[in-house]
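What follows is a short report on a single structure.
The values are calculated or read from the model by the stated rules, or taken from the named source; none is laboratory data. These numbers come from a predicted model, not from an experiment. Please note: Cβ atoms are built from the backbone with ideal geometry, for glycine as well, and neighbour counts cover all protein chains shown. The protein model used for the area step is the full one, side chains on, heavy atoms only, and it has no ligands, DNA or RNA in it. Shrake-Rupley method; radii C 1.70, N 1.55, O 1.52, S 1.80 Å.
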Amino acid sequence: QVQLAESGGGLVQAGGSLRLSCAGSGRTFSSYAMGWFRQAPGKEREFVSAVRWNGVNTYYADSVKGRFTISRDNAKNTVYLFMNSLKPEDTAIYYCAAATNWGDRGDRLEYAYWGQGTQVTVSS
């Protein structure tokens, strides 16, 4: 089992940058694929990005490809989401999550453990 806690959200102007962090507890953190999802008001939670346990394989939603970068530091039990060129449509609560399978990394149902989320607001 792993517990997750996000941080780093905030208010930023369009075109700006933010770095989100997700700290995990537990000795098995490095064995999980880690994902970032987001949920805007009135919308379903959607996939943003994922990174495999090894930190080498990554995967992005088309809407953030080229603007966001995911990485992880297993020694610190932490996964990061670097967000650049932010747009107002990126405004949402961002959640990190842990999954045992890499195969369905874009499917939120594959993620067993979730953090509480951190708010990101991008003003125009």
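Here are the numbers:
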| item | result |
| --- | --- |
| Full-extension gain in nm, SER7 to SER71, via 0.36 nm per residue minus C-alpha separation | 21.5 nm |
| Protein accessible area in the chain, 1.4 Å probe - carbon and sulfur % | 45 percent |
| Cα gyration tensor shape of region 10-61, rounded if a/c is under 1.5, else prolate or oblate by comparing a/b with b/c | prolate |
| 18 Å Cα-Cα reach of LYS87 towards lysines, excluding residues that sit fewer than 8 places from it in its own chain | LYS43, LYS65 |
| Difference of contour (0.36 nm per residue) and Cα-Cα distance, GLN39 to SER124 | 28.7 nm |
| Charged-residue dipole, Cβ positions (Lys, Arg, Asp, Glu), region 1-103 about Cα centre, Debye nearest 20 | 200 debye |
